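Presented below is the structure to which this report refers.
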């Protein structure tokens with residue numbers, strides 16, 4: 001069974017203190033590794049898709065990277081507005097489109 | 001990206017009753033899905049809403065409990081039937097565009113509380 005594990009469950013940073021979130025996946029035949037941001041009371045907001053090991057994508061203070069078993073979301077010099085839950089999801093192979101999500105990392109950035 | 005509207009945004013319902021959640025998209029989309037997000041748990045796929053045919057349900061979810069309709073390429077409904085407090089959750093509509101290998105977008109969700 002496909003499984004996605006995110007760590008840590010919660011992370012508290014000071015403004016400007018860089019860190020990384022981890023996402024481990026187990027699926028073989030990965031057809032995409034997705035990162036989403038979710039604010040309280042909102043639906044997930046798409047951030048990145050990664051398809052192959054070695055791939056990197058950046059958006060403002062966020063950079064996502066992918067290895068054969070893990071993905072990292074690096075947050076550089078975070079600001080309080082980066083506080084949110086960050087979700088990772090894998091899409092496995094096959095004809096169906098199905099995302100398997102991790103439980104997320106709750107990030108709090110203090111001013 | 002598609003604009004997805006879900007109604008209602010939240011509701012409090014009595015056990016034993018049913019609630020229908022609507023999902024409207026501002027453009028035609030290939031695929032529509034319904035997810036559940038229980039407190040402290042991962043987003044879990046309930047079913048794929050197929051246009052003009054019966055939905056495809058994931059393991060652990062059945063049509064009698066979660067009937068789904070998709071009459072066209074921009075609209076779908078999810079009904080939570082015969083509700084119990086265990087059905088209290090956030091229900092989310094999600095869509096994928098024409099390109100199959102693309103990201104999924106989500107609605108704002110419906111927060112359901114069953115008392």
- Set of the stretch B:80-95 residues, backbone N closer than 16 Å to the point 7 Å along the Cα-Cβ line of residue B:113: B:84-91
- Which of B:44, B:102, B:79 fluctuates most in a GNM of chain B (C-alpha springs under 10 Å)? That residue is B:102
- log10 I(q)/I(0), Debye, Cα-only the protein assembly as shown, no solvent, q = 0.09, 0.12, 0.14 Å⁻¹? -0.37, -0.66, -0.88
- Two-site FRET efficiency, residue A:79 against residue B:22, from Cβ-Cβ distance with R₀ of 41 Å, rounded to 0.05: 0.70
- Extension gain (nm, one decimal) between residue A:63 and residue A:31, 0.36 nm per residue minus Cα-Cα: 9.6 nm
- If chain A were replaced by its equivalent ellipsoid, with semi-axes equal to the square roots of 5 times the Cα gyration tensor eigenvalues, what would those be, largest first, whole Å? 24, 14, 12
- Message: Report the Cα-based extents of chain B along its three principal axes, largest first, to the nearest Å.
- Response: 40, 25, 22
- Query: Between the stretch A:75-111 and the stretch B:1-71, what is the C-alpha centre distance in whole Å?
  - Reply: 21
- Query: How many nm is it between the label spots at residue A:7 and residue B:75, if each spot is 7 Å from the Cα in line with the beta carbon?
  - Reply: 4.8
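Here, each number is a calculation from the coordinates, and none is a lab measurement. As the structure is a computational prediction, the values presented were derived from the model and not from experiment. Here Cβ is always computed from backbone atoms with ideal geometry, including for glycine, and neighbour counts include all displayed protein chains.
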